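J.: Pasting a structure below so you can have a look.
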Amino acid sequence: MLAHTAPHAATQAARRQYYARIATQHMSPLWEVLGALVPPSPRPEAVPAIWRYAQVREQVMEAGRLITAEEAERRVLILENPALHGQSCITASLYAGLQLILPGEVAPAHRHTQSALRLVLDGEGAYTAVDGERTTMRRGDFIITPSWTWHDHGNLGKEPVVWLDGLDIPLLRFLGTGFAEKSAQSAQPQLRPEGDSLARFGSNMVPVDFHQQPSDPTPVFVYPYSRTQASLRVISHSAPDAHLGFKLRYVNPATGASPMPTIGSFAQALPEGFETLPYRCTDGTVYVCLEGTGDAEIDGATHRFAESDVFVVPPWHALRLRANRRVTLFSFSDRPVQQALGLWREQRA
Ligand code: GTQ
């Protein structure tokens, strides 16, 4: 901010000429932009938005008639934040998209430094393979492909399968740390039977001589929705948190940390008729409704959501949730990054 009294016209003209001169040497005056650079509280560019599955499903299916999964490599409709058009992101740090795979198709094996999650929305019979182990994808399942792990997808079933992809693409683009490579084989060889990693690491036990190194990916890469549902049902007998309902975070079972270092992920239940108190946090968050119907009031504007709808709450926007019928939500954000840097804040009204 400049001084409170407006400068004289002659002073303003002199300053403008000066700014033009220093611009030729790639310099600019901080005092013109300081307030925007160092705001008193977050001013995200991203805006609240909702994608209603019933309204976008047909567009997703149409992509299946226009391009094959093989040709596209990944047949995905990117969910673009309306205020970040052309930037392929849903928040400043996160990417989201709806991926379609038709019966008989394969999305070929590749790996990249970007971390990815899948949240299965529609259809049955597809699988994701991660570092040599396949997992069958069922509605609500949360599946991860940590940084630099090989992954491919296929559909062995009889119906189209759609899932939500969540990646840290914008964050890695910002950091300049994106690397990727394609595998020579389109499908990975199966090194272990399905269920191996969950049995070894996902049953409150780990192999006796297992020690996780900081750079190792989490040993469990599927979090079946049936287990999440069972947990949320059982804890729903207690009193809900006034701001969050019943909310759990997914963890790497070997460490208790987030399954992936850049993306935190959560599952949440709200009893029928429950309404949360306003809550805001610095991590812009993508929500997916897995069960029920409700209203998300984001900074005062209400968005009605139903099953498989995706909505985004930008950083530091107050959220109030109302469950018209018992609601289960999945969500993800960059919270582990903010927490690792000591930056994360929340506020409960
Ligand atoms: O499945 O690997 O939506 O690399 C965007 C980039 C999915 C994937 C996306 C990707 C993938």
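Each row is one residue, and each column tells you yes or no for (1) under 30 Å from ILE101 (Cα atoms); (2) among the small types (Gly, Ala, Ser); (3) at pLDDT below 95.
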position	(1), (2), (3)
ALA10	no, yes, no
TYR18	no, no, no
LEU34	no, no, no
LEU37	no, no, no
PRO40	no, no, no
ARG43	no, no, no
VAL60	yes, no, no
ILE67	yes, no, no
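J.: Right, something else. Looking at the range 59-67, can you tell me whether even one residue there is within 15 Å of the ligand (Cβ to nearest atom), surrounded by 21 or more Cβ atoms within 10 Å (Cβ to Cβ) and under 22 Å from the mean Cα position of the chain (by Cα)?
T.: So far as the range 59-67 goes, no, none of its residues is within 15 Å of the ligand (Cβ to nearest atom), surrounded by 21 or more Cβ atoms within 10 Å (Cβ to Cβ) and under 22 Å from the mean Cα position of the chain (by Cα).
J.: Please go through the range 72-94 and pick out each residue that is part of a helix (DSSP H, G or I) and within 15 Å of the ligand (Cβ to nearest atom).
T.: Selection gives ALA72 alone.
J.: Now for a different question. Just one of VAL47, VAL106, VAL56 is surrounded by fewer than 20 Cβ atoms within 10 Å (Cβ to Cβ), among the β-branched types (Val, Ile, Thr) and over 22 Å from the mean Cα position of the chain (by Cα); which is it?
T.: VAL106
J.: Would you check which residues across the range 117-136 are of a type outside the set (D, E, K, R), closer than 23 Å to GLN229 by Cβ and open to solvent by less than 30 Å² (accessible area, probe 1.4 Å) and list them?
T.: Within the range 117-136, LEU117, LEU119, VAL120, LEU121, GLY123, GLY125, ALA126, TYR127, THR128, VAL130, THR135 qualify.
Conditions (1) farther than 28 Å from GLU58 by Cβ; (2) part of a loop (DSSP other than H, G, I, E, B); (3) open to solvent by 10 Å² or more (accessible area, probe 1.4 Å), marked per residue:
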| position | (1), (2), (3) |
| --- | --- |
| VAL286 | no, no, no |
| CYS289 | no, no, no |
| GLY292 | no, no, no |
| PRO315 | yes, yes, yes |
| ARG320 | yes, no, yes |
| ALA323 | no, no, no |
| PHE330 | no, no, no |
| PRO336 | yes, no, yes |
| GLY342 | yes, yes, yes |
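J.: Next question, about the same structure. Just the residues that are part of a strand (DSSP E or B) and of a type outside the set (S, T, N, Q), please, taken from the range 153-168.
T.: Within the range 153-168, HIS153, GLY154, VAL161, VAL162, TRP163, LEU164, ASP165, GLY166, LEU167 qualify.
J.: How many residues, within the range 154-201, are away from the ligand (no atom under 13 Å from the Cβ), open to solvent by 40 Å² or more (accessible area, probe 1.4 Å) and among the charged types (D, E, K, R)?
T.: Residues that pass the stated criteria total 5.
J.: If you don't mind, there's one more thing I want to ask. Of the residues that sit in the range 239-256 and are modelled with pLDDT of 95 or more and out of contact with any strand residue (DSSP E or B) (no Cβ under 9 Å at 6 or more places or on another chain), which one is nearest to THR218 (Cα to Cα)?
T.: ASN252
J.: I'd like the full set of residues that are surrounded by fewer than 21 Cβ atoms within 10 Å (Cβ to Cβ), out of contact with any Asp or Glu (no Cβ under 7 Å at 6 or more places or on another chain) and either in a strand (DSSP E or B) or among the aromatic types (Phe, Trp, Tyr) (or both), limited to the range 137-152.
T.: Result: TRP148, single match.
J.: Using the structure shown, decide if PHE311 is open to solvent by 10 Å² or more (accessible area, probe 1.4 Å) and of a type in the set (Phe, Trp, Tyr).
T.: Against the criterion (open to solvent by 10 Å² or more (accessible area, probe 1.4 Å) and of a type in the set (Phe, Trp, Tyr)), PHE311 does not qualify.
J.: From the list VAL222, VAL251, which residue is within 16 Å of the ligand (Cβ to nearest atom) and under 15 Å from PHE330 (Cα atoms)?
T.: Residue meeting the stated conditions: VAL222.
J.: Kindly indicate which of ALA23, ALA3 is away from the ligand (no atom under 16 Å from the Cβ), at pLDDT 95 or above and either open to solvent by less than 50 Å² (accessible area, probe 1.4 Å) or small (Gly, Ala, Ser) (or both).
T.: Going through ALA23, ALA3 in turn, the sole match is ALA23.
J.: Restricting to the range 70-93, and then to whatever is open to solvent by less than 20 Å² (accessible area, probe 1.4 Å) and either among the basic types (Lys, Arg) or without any contact (Cβ under 8 Å) to a residue 60 or more places away in the chain (or both), can you tell me which residue is nearest to PRO170 (Cα to Cα)?
T.: Per the stated criteria, the residue is LEU84.
J.: While we're on this one: Do any residues in the range 180-193 that are in contact (Cβ under 8 Å) with a residue 24 or more places away in the chain have Cβ atoms under 8 Å from those of residues that are open to solvent by 90 Å² or more (accessible area, probe 1.4 Å) and within 16 Å of the ligand (Cβ to nearest atom), where the two are at least six apart or on different chains, and which pairs are they?
T.: Between residues of the range 180-193 that are in contact (Cβ under 8 Å) with a residue 24 or more places away in the chain and residues that are open to solvent by 90 Å² or more (accessible area, probe 1.4 Å) and within 16 Å of the ligand (Cβ to nearest atom), the close pairs are SER186/GLU70.
J.: What residue, of THR228, THR218, is modelled with pLDDT under 95, under 25 Å from SER93 (Cβ atoms) and crowded, with 18+ Cβ neighbours inside 10 Å?
T.: One residue alone meets the criteria, THR218.
J.: Looking at the range 117-129, can you tell me whether even one residue there is at pLDDT 95 or above and over 23 Å from GLY64 (Cα atoms)?
T.: So far as the range 117-129 goes, no, none of its residues is at pLDDT 95 or above and over 23 Å from GLY64 (Cα atoms).
The values are calculated or read from the model by the stated rules, or taken from the named source; none is laboratory data. Worth saying up front: this structure is predicted, and the values here are computed from it rather than measured. When we count neighbours, we look across all protein chains shown, and the Cβ atoms used for this are built from the backbone with ideal geometry, even at glycine. When the accessible area is computed, the model is the full protein with side chains, heavy atoms only, and any ligands, DNA or RNA have been set aside. Shrake-Rupley method; radii C 1.70, N 1.55, O 1.52, S 1.80 Å.
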